[in-house]
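**Q** Dropping the structure in here first, questions after.
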Amino acid sequence: MCGIVGYIGTQPAYSILIDGLKKLEYRGYDSAGVALLCAKGLKVEKAKGEIAMLEARVGNNFPEGNMGIGHTRWATHGAPSDINAHPHCGCSQEFAVVHNGIIENYLSLREWLEEQGHRFISETDTEVLAHLVEHYYDGDLLRAVSQAVKMVEGSFAMVAVCEQEGDKLICARKDSPLVIGLGEGENYIASDVPAFLKWTRHTHILEDGEMAVVTASAVSIFAPNGQLLQKEINEVTWDAAEAEKGGYPHFMLKEIMEQPRALRDTMRGRLIDEGRDINLTELALTPQQCQAIERIFIVACGTAYHAGLVGKYAMEKILRLPVEVDLASEFRYRDPLLDPNTLVLVISQSGETADTLAALRLARKRGNQILAITNVVGSSVARDADKVLYTWAGPEIAVASTKAYLTQLLSLYMLTLYLGKQRGILDGQTIAEMGTALCRLPTQLESILGREAELQQIADYLAPWESAFFIGRNVDYAVAMEGALKLKEISYIHAEAYASGELKHGTLALIVDGIPVIAMATQSAVLDKSLSNIKEIKARCGHVICFAREGAISFAQEVDRVFHIPAAPDILMPILSVVPLQLLAYYTAVARACPVDKPRNLAKSVTVE
Ligand code: AGP
């Protein structure tokens, strides 16, 4: 996610802004910039690349001034570039804005502003905010920002400054974090505490809909109705390292906990009318192009491959289209059969995985249309694909992928709905049923995330073992594969996933007294079969931990432990059922004192064959 820093006080602002942005670097970004109020007015400097690039551009003639804002950008709309970097200005250089979040209606706002005579220079949604503030400014920056954000649909954490009112920073937030650091004769604003922790531990946390006027000597916070609020002062007790992880002990746990927000951000503007409709205009696929697709070939590696397996089940079930899923490292060397009407769907969190990129380029050489699902704007995969459906999970730091994987699943479901709509095989009611069920998932997920203690207890059983099995039928098998990989890659327990029906064809020989078997049981149509497989294991004294959908047949008396998962439509259950497996892997790795965020031998992005 992007990083925001603001400062107003008696010290030179530039070095404080740069230092604050560096404290947010761990969040991942692709460009940076600052705007400072100097004697000659607002000075804006920004650069693609690392903060060091910005510093090099500024050199020793860094702008003086003791008020300013800074930003590190994680691109969502518009590739990483100098122009797309924040801060963004209006037509004049008198206003500057930095922003985290996604403005869903930025295109319509941009058109309206252009009709009012505004001229845009970037591809970003954020630039709209700067022009809106400029448009509404009539001598009161707070009122101008208040009117601007009322026009916005989507999420924002923003800070605005203007030359005419150089003694204040105005900030507003909705669905994206913003905190105010309270100093002596100076004050700070940031998207995250580490940016100003070296200066102050006293903070005000802005809540959704609140706005603030921050001067060197005072902080005034207003409720959505304009009422002045008396906010309590929070004391930050974390140290700097903990603060980078949002107070969590590891990035992986932080990213697991961020998944509801990652889902909400990724569906924002795409599942519209509260999920009753789907809108993937960024793909710009006509109904004819969608109807011409006769086959889908999903290519990916690792966790992304497991996402593709879930996509296969969903697409074949709903679109009645043949879907093949292949490991990119196999696809690229097996001379695959690709006819012209095969859509090649490439999935990659980093967008830089060498095997996946090579597979994409092979498909391109064959002349196939390529659609990418990736989390990194401007990545190699994004640049080489014909169409891109971005996941908006924000940067994923832990090597083990969690929130990126979950948003890949969501993107596959949304793509399925979109193709079904464009191909005319899904009616409005069917789309609404699935779309509203998708919109309910983040809240259902929050209920699961609150049950860590149950998973810690299961992890205590798992931790001493050197092998474990994951089993499932239908789409549960795909989830079992991801659960096994999570456990393997961070706890080093040798975990294998099997289709439940396969056990008696060999694996049952390995079931010995007490060995842990994670049994997925969320698919209504095969619950009784799943129960039979569990009994096969119990008859041989395996230790069965069952992850079962709520309200289904009771497994409790048949297994050693059951974890109930809130019910959603069968085909959507992977988004809920994989998360307890992520937490189980995490707590097992912690119990085994493994380096959770950086497991041995692994890299976050495998850019070599
Ligand atoms: C995920 O937990 C693993 N770290 C790994 O399997 C990863 O999914 C794989 O390397 C693919 O990465 P990508 O999504 O960036 O292409």
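**Q** Among 522-529, 345-352, how do they line up by average Cβ neighbours within 10 Å per residue, starting with the highest? Walk me through the numbers on the way to the answer.
**A** On the way: 522-529: 17.2, 345-352: 27.5.
Final packing ranking: 345-352, 522-529.
**Q** Straight-line reach from K198: which aspartates and glutamates have a Cα under 14 Å away, not including same-chain ones fewer than 8 places off?
**A** Within the straight-line cut-off, K198 pairs with D19, E184, E186, E235, D239, E242, E244.
**Q** Over the chain, what portion of Cα pair distances is larger than 32 Å, expressed as a whole percent?
**A** Working: 92404 of 185136 pairs.
That fraction is 50 percent.
**Q** Taking 0.36 nm per residue of separation and subtracting the Cα-Cα distance, what length does fully extending W238 through K365 add? List each step's numbers first, then the result.
**A** Working: separation 127, 0.36 × 127 = 45.72 nm, distance 5.21 nm.
Gain in length upon complete extension: 40.5 nm.
**Q** By what distance, in whole Å, do the Cα atoms of region 477-548 stretch along each of the three principal axes, largest value first?
**A** Largest to smallest, the principal-axis extents are 32, 26, 20 Å.
**Q** Just the C-alpha atoms of region 334-464: what Rg/Rh do they give, with Rh taken as the Kirkwood radius?
**A** Numbers: Rg = 18.2 Å, Rh = 17.2 Å.
That ratio equals 1.06.
**Q** Per-residue counts of other Cβ atoms within 10 Å, averaged by peptide: what ranking do you get for 68-74, 463-469, 580-586, 602-608, highest first?
**A** Values: 68-74: 28.3, 463-469: 16.3, 580-586: 26.3, 602-608: 13.3.
Descending mean neighbour count gives 68-74, 580-586, 463-469, 602-608.
**Q** Put +1 on the Cβ of each Lys and Arg and -1 on the Cβ of each Asp and Glu in the chain; which of I8, A240, L572 then has its Cα farthest toward the positive end of the dipole?
**A** Positive-end residue among those listed: L572.
**Q** What residues from region 442-458 fall in the zone where the backbone N is under 17 Å from a label point 7 Å along the Cα-to-C-beta line of A593?
**A** No residue qualifies, since no backbone N sits under 17 Å from the label point.
**Q** Rounded to the nearest 0.05, what FRET efficiency is calculated for E25 and E316 with R0 set to 41 Å and r the Cβ-Cβ distance? Let's see the in-between values first.
**A** Values: r = 43 Å, r/R0 = 1.04.
After rounding to 0.05, the efficiency reads 0.45.
**Q** Could I ask something else about it? Apply the Karplus parameterisation 6.51 cos²θ - 1.76 cosθ + 1.60, with θ equal to phi minus 60°, to every residue of region 369-381 and state each ³J(HN,Hα) to the nearest whole Hz, in sequence, with x for glycine and proline.
**A** 6, 10, 10, 10, 10, 8, 9, 10, 5, x, 6, 4, 4
**Q** Follow-up question, since we're still on this one. Arrange the peptides 89-95, 508-514 so that the one whose residues have, on average, the most other Cβ atoms within 10 Å appears first. Don't skip to the end; give the middle numbers.
**A** Values: 89-95: 18.7, 508-514: 13.0.
Descending mean neighbour count gives 89-95, 508-514.
**Q** Once the mean 1/r over all distinct Cα pairs of region 148-204 is inverted, what Kirkwood radius in angstroms do you read off?
**A** On the way: mean 1/r = 0.0800 Å⁻¹.
Computed over Cα pairs of region 148-204, the Kirkwood hydrodynamic radius comes out at 12.5 Å.
**Q** Viscosity 1.567 mPa s, temperature 4 °C: what is the translational diffusion coefficient of region 248-388 from Stokes-Einstein with a Kirkwood Rh over Cα pairs, rounded to a whole number of µm²/s? Intermediate values should be presented prior to the final figure.
**A** Numbers: Rh = 16.1 Å.
So the translational diffusion coefficient is about 80 µm²/s.
**Q** Can you list the lysines whose alpha carbon sits under 26 Å from that of K604, skipping same-chain ones fewer than 8 residues off?
**A** Candidates past the 8-residue exclusion: K22, K23, K48, K245, K254, K312, K387, K403, K486, K488.
**Q** Separate question: Contour minus end-to-end for E123 and S108, with contour as 0.36 nm per residue of separation and end-to-end as the Cα-Cα distance? Provide the component values of the computation, followed by the final result.
**A** Numbers: separation 15, 0.36 × 15 = 5.40 nm, distance 1.36 nm.
Computed gain between E123 and S108 is 4.0 nm.
**Q** Let me ask something additional. With the dipole of region 78-165 worked out from charges on the C-beta (+1 for Lys and Arg, -1 for Asp and Glu) around the Cα centre, which of S155, Y136, P87 lies farthest toward the positive end?
**A** Comparing the listed Cα positions along the dipole, S155 ranks first.
**Q** Hey, rough spin-label estimate for D460 and E609, points 7 angstrom out along Cα→Cβ, what's it come to in nanometres?
**A** It works out to 4.9 nm between the two label points.
**Q** Which value, in Å to one decimal place, does the Kirkwood hydrodynamic radius take for region 275-358 when every pair of different Cα atoms is included? Please list the in-between numbers first.
**A** Values: mean 1/r = 0.0723 Å⁻¹.
Hydrodynamic radius (Kirkwood, Cα pairs) of region 275-358 is 13.8 Å.
**Q** Express as a percent, rounded to the nearest 5, the fraction of DSSP beta bridges in the chain (both residues included) that run antiparallel.
**A** The antiparallel fraction comes to roughly 60 percent.
**Q** Related question: Output wanted: per-residue J couplings in Hz (rounded whole) for region 486-496, from phi through Karplus 6.51 cos²θ - 1.76 cosθ + 1.60, θ = phi - 60°, x for Gly and Pro.
**A** 4, 5, 4, 6, 10, 10, 6, 7, 6, 10, 10
**Q** Still on this structure, please answer the following. Report the full-extension gain for the segment R451 to D277: residue separation times 0.36 nm, less the Cα-Cα distance, to one decimal in nm. Can you show the working numbers first?
**A** Details: separation 174, 0.36 × 174 = 62.64 nm, distance 3.21 nm.
Between R451 and D277, full extension yields 59.4 nm more.
**Q** Largest first, please: the extent of the C-alpha atoms of region 329-385 along each principal axis, to the nearest Å.
**A** In descending order, the Cα extents are 29, 21, 14 Å.
**Q** To the nearest 20 debye, what is the magnitude of the charge dipole of region 87-185 about its Cα centre, counting +1 on the Cβ of each Lys and Arg and -1 on the Cβ of each Asp and Glu?
**A** Magnitude of the dipole: close to 240 debye.
**Q** Measure off 7 Å from each Cα along the Cα-to-Cβ vector at R383 and K504, then give the distance between these two points in nanometres to one decimal.
**A** Taking the two extended label points, one gets 5.5 nm.
**Q** Computed FRET efficiency, Cβ-Cβ of D427 and I553, R0 25 Å: what is it to the nearest 0.05?
**A** Working: r = 32 Å, r/R0 = 1.27.
After rounding to 0.05, the efficiency reads 0.20.
**Q** In nm, give the distance between the simple-model label positions of C439 and Y333, each being 7 Å from the Cα along the Cα-to-Cβ direction.
**A** Once both label points are built, they end up 4.8 nm from each other.
Bear in mind that the values in this text are calculations on the coordinates, not laboratory data. Source: prediction; values computed, not measured. All Cβ positions, even for glycine, are placed from backbone atoms using ideal geometry, and neighbour counts span all protein chains on display.
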